[in-house]
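S.K.: Just dropping this structure here.
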Amino acid sequence: MTSKYTRFLLATAFVVSVAALAQTGTAAAASGGGGAASSPSPAPAVTGTGTKVGTISMEQAIFATNEGRRDFEALSKKLEPKQNELKNQNDEIDALKKQLNAQQDKLNDDAKANLVKQIETKQKSLDRQLQDAREDAQNQQNEIAQRIIQKLGPVLIKYAADNGFGVIMDTSQPWPQSPVVWWGEAVDVTKPVVDLYNAQSGVPAPATSAAPPKPAGAKPGVAPAKPTTTPKTDQPK
């Protein structure tokens, strides 16, 4: 059976606080700044004057920008050596477990105890390294996301103002974590906002992949994967 330790490190949960970071982007736009700021000062929220209602997956938008694709692909390559190292350690532990299962009837008590202790020691070491690697990958993911979303906020505000939107709701999280229970594809503005961001950033699309990477469980235009106990929020086919 494939072990959980061989999963890709970047499949960890995406924990950027979209609401807090979007608020930062709004503050930057309200004060006239289009770039990222390390400690933006509070500013009044920009109030929409339009009447249209739209949705956007801020999480998906971050991953879909050319800048995000470029930087997350670079991070993926950067983490590959550590991923391979952890996989090799896990394979070694699996081999020892198979040896123990196959030979436990033939081994004396001392040999069996020594093999069990060896497995336990290696497993504890791997668990610690895996946790550290996940946290490191998470932190680096979030650093990229924070940088992008601080610039994405003003772009979203401009798009909303130019296109008559009074409200745009974030659908990054599934209901009930998000107040949005269901939405139609026609009101989703993720792609046009990303296109506008790409045009302003001047960052070309990466040539190494045909499609932008997405956070685990996310699908274009629909809510990310949901627990089976919550109502389905996907759009009609």
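S.K.: Restricting the search to region 168-179, which residues are surrounded by 16 or more Cβ atoms within 10 Å (Cβ to Cβ) and not hydroxyl-bearing (Ser, Thr, Tyr)?
M.R.: ILE168, ASP170, GLN173, PRO174, TRP175
S.K.: Which one is farthest from GLN129 (Cα to Cα) among residues in region 83-104 that are of a type in the set (A, V, I, L, M) and surrounded by 12 or more Cβ atoms within 10 Å (Cβ to Cβ)?
M.R.: Here the residue is LEU100.
S.K.: Is it the case that region 148-161 has a residue that's surrounded by fewer than 18 Cβ atoms within 10 Å (Cβ to Cβ) and modelled with pLDDT of 90 or more?
M.R.: Yes - at least one qualifying residue is present in region 148-161.
S.K.: Same structure, new question: Please go through region 67-89 and pick out each residue that is polar (S, T, N, Q) and over 17 Å from the mean Cα position of the chain (by Cα).
M.R.: The answer is GLN83, ASN84, ASN88, GLN89.
The values are calculated or read from the model by the stated rules, or taken from the named source; none is laboratory data. Not measured: the values here are computed from a predicted model. Ideal geometry is used to build each Cβ from the backbone, glycine not excepted, and the neighbour counts take in all protein chains shown.
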